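See below for the structure under consideration.
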Amino acid sequence: DFCLSRGLGDVYKRQDYVDGKLDRSKAYTYAEENVTKILKENPSIEVVIDLHRDGVPDTTRLVTEENGVTMSKVMFFNGISYSKAKGDIGYLYNANRDDNLAMSLQMYLLGEAYYPGLLRNIYINAYRYCLHMKGRSMLIEAGAQTNTSTEVKNAMIPVADMLDRLLSLIHISE
């Protein structure tokens, strides 16, 4: 596996269902419980990635091609705990906001340098999602419901490469 060959291990937890039914109303509450447990059990974790598919109109296809391989486009999604209308959202405080924004920008610049056309943009929203759990947290939208799982998986190879490049630079500077 590409990630493991680069020394990028993973802890994977999928939770879309509650009592056998799709329930997204408390998705980040459930995710926070799981991420807290995983981080406690694995204190060496350096990066938390919350991977999603975007919801787009059924006529939208988010695809690109890299070296003859079709893959989904990728977007980095950031919650900043701030609303233009209301200002700081105090109950959603995120001490890691600036680190996470910096990581998204660094990943975006690496993507543009090594995989032009792969990335859609960096999207900024008012809420924090689960991005407060650790510095170097990312919410990544890999394609959308209109992409195949193969297209999404294919996009993870360049994303893993960008992450490996970024972490290598960070470790050199520490």
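The values are calculated or read from the model by the stated rules, or taken from the named source; none is laboratory data. All values reported here derive from a predicted model rather than from experimental measurement. Note that each Cβ is placed from the backbone with ideal geometry, even for glycine, and that neighbours are counted across all protein chains shown. These accessible areas exclude ligands, DNA and RNA; they are computed on the full protein's heavy atoms, side chains included. Shrake-Rupley method; radii C 1.70, N 1.55, O 1.52, S 1.80 Å.
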* Integer Hz, Karplus 6.51/-1.76/1.60 couplings in order for region 103-117, x for Gly and Pro -> 5, 4, 5, 4, 5, 4, 5, 5, x, 5, 6, 9, 9, x, x
* Structure fact -> So for region 46-174, using the alpha carbon gyration tensor with a ≥ b ≥ c as root eigenvalues (a/c under 1.5 gives rounded; past that, a/b versus b/c decides prolate or oblate), I'd call it oblate
* Going by a ≥ b ≥ c, the root eigenvalues of the Cα gyration tensor, does region 27-76 fall in the rounded group (a/c under 1.5), the prolate group (a/b larger than b/c) or the oblate group? -> oblate
* Structure fact -> Hits in region 138-154: amide N under 19 Å from the 7 Å Cα→Cβ extension of VAL47, namely 138-143, 152-154
* Nearest 20 debye, what's the magnitude of the dipole of region 96-174 about its Cα centre given +1 on Lys and Arg Cβ and -1 on Asp and Glu Cβ? -> 200
* From the backbone phi of region 148-155, what are the Karplus-calculated ³J(HN,Hα) couplings (6.51 cos²θ - 1.76 cosθ + 1.60, θ = phi - 60°) in whole Hz, Gly and Pro given as x? -> 7, 5, 5, 4, 5, 4, 4, 5
* Which length gain, in nm to one decimal place, applies between ALA27 and TYR114 when the Cα-Cα distance is subtracted from 0.36 nm times their residue separation? -> 28.0 nm
* To do: Hey, can you grab everything whose amide H is under 5 Å from the amide H of ILE89? Only 5+ residues off in sequence or another chain; H modelled, so Pro and N-termini drop out.
  => TYR82, SER83
* Residue by residue, what Karplus-based ³J(HN,Hα) values in Hz, rounded to whole numbers, does region 63-73 have, using 6.51, -1.76 and 1.60 with θ = phi - 60° and x for Gly and Pro? -> 10, 8, 9, 10, 6, x, 9, 7, 8, 6, 6
* **Other-chain or far-sequence residues with amide H under 5 Å of TYR123's (modelled H)** => PHE76, PHE77, ASN78
* To do: Work out how much length ARG61 to GLN106 would gain on full extension: take 0.36 nm times their residue separation and subtract the Cα-Cα distance, in nm to one decimal.
  => 13.6 nm
* Apportionment of accessible area to carbon and sulfur, region 18-174, percent (1.4 Å) -> 53
* Structure fact -> Of the listed pairs LYS86/LYS134; LYS40/LYS84; LYS86/LYS153; LYS37/LYS84; LYS84/LYS153, those with alpha carbons more than 31 Å apart are LYS40/LYS84; LYS86/LYS153; LYS37/LYS84; LYS84/LYS153
